[in-house]
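S.K.: Take a look at the following structure, please.
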Amino acid sequence: MTEWPKYESHKIVQAAVIKALHDDLGEGEKFFWVDPGTGELEKFVPTEIGMMNRVTVGDYALLYPDGFKSVSPKKVFDDGYTLVSGIGIARDDI
């Protein structure tokens, strides 16, 4: 997986914009395609599958330092987080 930009609010997370939703009804597989700022899409599955139903394109996929994968609505994320570093930060560095 590509290194993602780092953002800070009262905690620091890595985040990528959700570009597409994938729901293979025949196979039951659900995931998002995200762009961590490289222009290349990556597959993302949140830790809690129930989060899959609350997401729209343009929202954010989040990676927490403990490995938890979450999502955030765009407005909530934009209002609460500030970019602190761009591409090139390894997830091990957060």
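S.K.: Surrounded by 12 or more Cβ atoms within 10 Å (Cβ to Cβ), at pLDDT 85 or above, touching a strand residue (DSSP E or B) at 6+ places or on another chain (Cβ under 7 Å) and not small (Gly, Ala, Ser), is that true of LEU83?
M.R.: No; evaluated as a whole, the condition is false for this residue.
S.K.: Which condition number does VAL76 fail, the rest of (1) among the β-branched types (Val, Ile, Thr); (2) more than 12 Å from the chain's Cα centre (by Cα); (3) modelled with pLDDT of 90 or more; (4) assigned to a loop (DSSP other than H, G, I, E, B) being met?
M.R.: Against the list (1) among the β-branched types (Val, Ile, Thr); (2) more than 12 Å from the chain's Cα centre (by Cα); (3) modelled with pLDDT of 90 or more; (4) assigned to a loop (DSSP other than H, G, I, E, B), VAL76 comes up short only on (4).
S.K.: Could you tell me whether region 7-24 includes any residue that is of a type in the set (Phe, Trp, Tyr) and either in contact with a helix residue (DSSP H, G or I) (Cβ under 6 Å, 6 or more places away or on another chain) or assigned to a helix (DSSP H, G or I) (or both)?
M.R.: No, region 7-24 has no match at all.
To keep it simple, each residue is scored yes or no on (1) out of contact with any helix residue (DSSP H, G or I) (no Cβ under 7 Å at 6 or more places or on another chain); (2) in contact (Cβ under 8 Å) with a residue 60 or more places away in the chain; (3) under 19 Å from ILE12 (Cβ atoms); (4) not β-branched (Val, Ile, Thr).
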site: VAL45; (1), (2), (3), (4): yes, no, no, no
site: GLU48; (1), (2), (3), (4): yes, no, no, yes
site: MET51; (1), (2), (3), (4): yes, no, no, yes
site: THR56; (1), (2), (3), (4): yes, no, no, no
site: LEU63; (1), (2), (3), (4): no, no, yes, yes
site: PHE68; (1), (2), (3), (4): yes, no, yes, yes
site: VAL71; (1), (2), (3), (4): no, no, yes, no
site: LYS75; (1), (2), (3), (4): yes, no, no, yes
site: THR82; (1), (2), (3), (4): yes, yes, yes, no
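S.K.: How many of the residues in region 20-59 are surrounded by 15 or more Cβ atoms within 10 Å (Cβ to Cβ) and closer than 21 Å to GLY80 by Cα?
M.R.: Residues meeting the conditions: 8.
S.K.: So, in region 5-17, exactly how many residues are surrounded by 21 or more Cβ atoms within 10 Å (Cβ to Cβ) and out of contact with any Leu (no Cβ under 6 Å at 6 or more places or on another chain)?
M.R.: Qualifying residue count for the region: 2.
S.K.: Looking for something out of contact with any Phe, Trp or Tyr (no Cβ under 9 Å at 6 or more places or on another chain) and assigned to a strand (DSSP E or B) - is there at least one such residue anywhere in region 31-38?
M.R.: yes
S.K.: Checking LYS30 against (1) touching a helix residue (DSSP H, G or I) at 6+ places or on another chain (Cβ under 8 Å); (2) closer than 25 Å to ASP79 by Cβ, which test does it fail?
M.R.: With respect to (1) touching a helix residue (DSSP H, G or I) at 6+ places or on another chain (Cβ under 8 Å); (2) closer than 25 Å to ASP79 by Cβ, LYS30 is out only on (2).
The values are calculated or read from the model by the stated rules, or taken from the named source; none is laboratory data. Computed from a predicted structure; not experimentally measured. FYI the Cβ positions are ideal-geometry reconstructions off the backbone, even for glycines, and counts take in every protein chain you see.
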